[in-house]
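The numbers here are math on the coordinates, done by the rules we state, and not lab data. Fair warning: this is a prediction, and the values are worked out from it, not measured in the lab. Counting neighbours? That spans all protein chains shown, and the Cβs are built from the backbone with ideal geometry, glycine included.
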Amino acid sequence: MYYSKDKMLNKIIADEVGSGARFVHGKKHAKLLLAGGGLLVFSRTPSDRRTVRNVKAELARLHRRQAQA
């Protein structure tokens, strides 16, 4: 399934969806609702070269919060 125009970001989101997250389409941005709670909003057509790194970092933060709860 197509999640983002960026190949790496598409793979990261596909892995999260495969592990139980829910993906919600938007016109310019999309939402990823994690299974244990947590929300990640990202651009479907990222223009920033650091987008993949930022999404990975935010996902790591969300997973740490879930593990603590």
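Considering only Leu9, Ser47, Ala67, the residue lying farthest towards the positive end of the dipole of the chain is Ser47, judged by Cα position with unit charges set on Cβ. Other residues lying with their Cβ under 15 Å from the Cβ of Met8 contribute a combined charge of +3, Lys and Arg counting +1, Asp and Glu -1.
Helix 51-68 against the longest principal axis of the chain: what's the angle in degrees, Cα atoms only, rounded to the nearest 10? Once rounded, one gets 10 degrees. Rounded to whole Å, the principal axis extents of the Cα atoms in the stretch 7-68 read 33, 21, 16, largest first. Helix content alone sets the calculated 222 nm mean residue ellipticity of the chain: runs of n ≥ 4 DSSP H residues at -39500 (n - 2.57) each, divided across all residues, give -14000 deg cm²/dmol. For the chain, take the longest principal axis of its alpha carbons; what is the angle in degrees between that and the long axis of helix 7-18, to the nearest 10 within 0 to 90? Roughly 40 degrees between the two axes.
Neighbours of Arg22, meaning other residues whose beta-carbon lies under 12 angstrom from its beta-carbon, give a summed charge of 0 when Lys and Arg score +1 and Asp and Glu score -1. Dipole magnitude for the stretch 7-68: about 220 debye, using +1 per Lys or Arg Cβ and -1 per Asp or Glu Cβ, origin at the Cα centre.
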